[in-house]
Every structure is written in structure tokens, then in C-alpha cells.
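Undergrad: Next up is a structure, given as C-alpha cells.
Throughout, read-outs are computed from the coordinates displayed, never taken from laboratory work. Computed from a predicted structure; not experimentally measured. A quick note on method: Cβ atoms are made from the backbone with ideal geometry, for glycine too, and the neighbour counts reach across all protein chains shown.
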Amino acid sequence: MNVHVPDNARRDLALVGCPDCACRFETPNYRLGMQQRCPECEAAIKPKYVRRAPDAGYSLSYHTFLQLLTVRPYRDEIVPLIAAWFGYRTEYRDRSLIVSNAAGRSVDLEQMHEMIQTSPRWQELLYWKAGKFFR
Ligand SMILES: [Zn+2]
């Protein structure tokens, strides 16, 4: 299976393993924590790190992205950023995160993550904004 890898993610390839068939393959660091299809057994899986990307650049994993949106104090800074960029509204109902667009439709969080991580500009802005928490 050929996954399209955007230019800014090319250097951030992590080596991962399929928890079902133990096959190893490379995937962009930012896809960690997202469901994807194993190139070998074709199961829908969440791959596990074997080796992190040597230079993950400005990428953030999906785990980290979810943390930024849900955990304080991160979310107090990140939610307004998402609102300013996309006009999305973020709510927390029973500890679950619901993001909706201007039309009130719910937004797929994996797609939003993918959209940010495949845009060099948004990716870098988010990285710097998040970076102050992680450094
Ligand atoms: Zn597999």
C-alpha cells in the first residue's frame, strides 16, 4: 500500500509495527495514534512505535494533538488557535471532546489533525505554540 507522504513529513518517518501480524513499516510520525491499514495483513490497526523518526521536524503525534485539545492548561491556548484558524467550536461533554464547524456539523478529529500536519505553516505554528509546554 502506498500512503501519500507530504514533503514536510518525509523526514519524519517512524518505524512502526503492526500489533496483529508483527509486520514492520514506516509511517509519518504525525500518524501515530491514528488508525491505519496494515500494509501486510490489511487489518485496521493503531501501529506501535519500533523506532521514532530520527528528525520529526515540527510534527506532533495524534496522541499529543488530543492532549493539547483536552488537557489544561494546553487546551486554553490551543482551542482559541483552532477557532481562529478554522472557525471551529470546541466543547467538552462528559469528558469527551466535540469539535463542530461553523455550520454546526461535527468535525472529524483525525481529519483535522491530518489537515494541520500536512500544511507546513499550520504544522509549524502549532508546534511552536505547543512547544512551550513540552520544553
Ligand atoms: Zn498487520
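Undergrad: Treating only the Cβ of Lys, Arg, Asp and Glu as charged (+1, +1, -1, -1), what charge dipole size does the chain show about its Cα centre? Round to the nearest 20 debye.
TA: 360
Undergrad: For residue 26 and residue 133, FRET efficiency with R0 = 35 Å and r from the beta-carbon atoms, rounded to 0.05?
TA: So the FRET efficiency works out to roughly 0.80.
Undergrad: Mind listing the Cα extents of segment 10-135 along all three principal axes, in Å, largest one first?
TA: Principal-axis extents of segment 10-135 (Cα, largest first): 40, 30, 23 Å.
Undergrad: Using every pair of alpha-carbon atoms in segment 7-51, split the distances into 5 Å bins beginning at 0 and state the percent of pairs per bin, rounded to integers.
TA: 5, 28, 34, 22, 9, 3
Undergrad: For the chain, with the dipole built from +1 on Lys and Arg beta-carbon atoms and -1 on Asp and Glu ones, taken about the Cα centre, which of 39, 49, 131 lies farthest toward the positive end?
TA: After comparing all options, I get 131.
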